[in-house]
Amino acid sequence: MPEGYLPLFLFLIVAMIFPVVALGFAKLLRPSLPSGAKLEAYECGIKAASNARGRYTVRFYIVAILFVIFDVETIFLFPWAVRNQALGWFGVAEIAVFLLILIVGYVWAYRKGAFEWV
């Protein structure tokens, strides 16, 4: 085994052992007196209105996916804008295809009513 990898393996071993030891030590030090009041869900000092595992409408997930699409759009547009001069017309065509696909997705979401929050 090459000597250059020894520090890496030592770091890996310490990184795997440290959380286990730290959590075990914390479990020994902390007070553990569970009761019904401590195990109950906390909602601003009042009794829980319903089960936390309730069903959500699909609209919440569609909004989350649209947020991810906006995020990914920004992630892809920034490097393109930085290297725009070096890419030339190939870069313009590349970003045009990307934006065309994105716009088709937005039109589809708009027609499905994903942008209406009612």
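Of G105, G24, all but one fail to be among the small types (G, A, S), at pLDDT 85 or above and part of a helix (DSSP H, G or I); the exception is G24.
Okay, residues lined up against (1) part of a helix (DSSP H, G or I); (2) modelled with pLDDT of 80 or more; (3) in contact with a helix residue (DSSP H, G or I) (Cβ under 6 Å, 6 or more places away or on another chain); (4) under 30 Å from L39 (Cβ atoms):
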| position | (1), (2), (3), (4) |
| --- | --- |
| Y56 | no, no, no, yes |
| V63 | yes, no, no, no |
| I69 | yes, no, no, no |
| L77 | yes, yes, no, no |
| A86 | yes, yes, no, no |
| W89 | yes, yes, no, no |
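The values are calculated or read from the model by the stated rules, or taken from the named source; none is laboratory data. For clarity, every value in this text was computed on a predicted model and none was experimentally measured. Here Cβ is always computed from backbone atoms with ideal geometry, including for glycine, and neighbour counts include all displayed protein chains.
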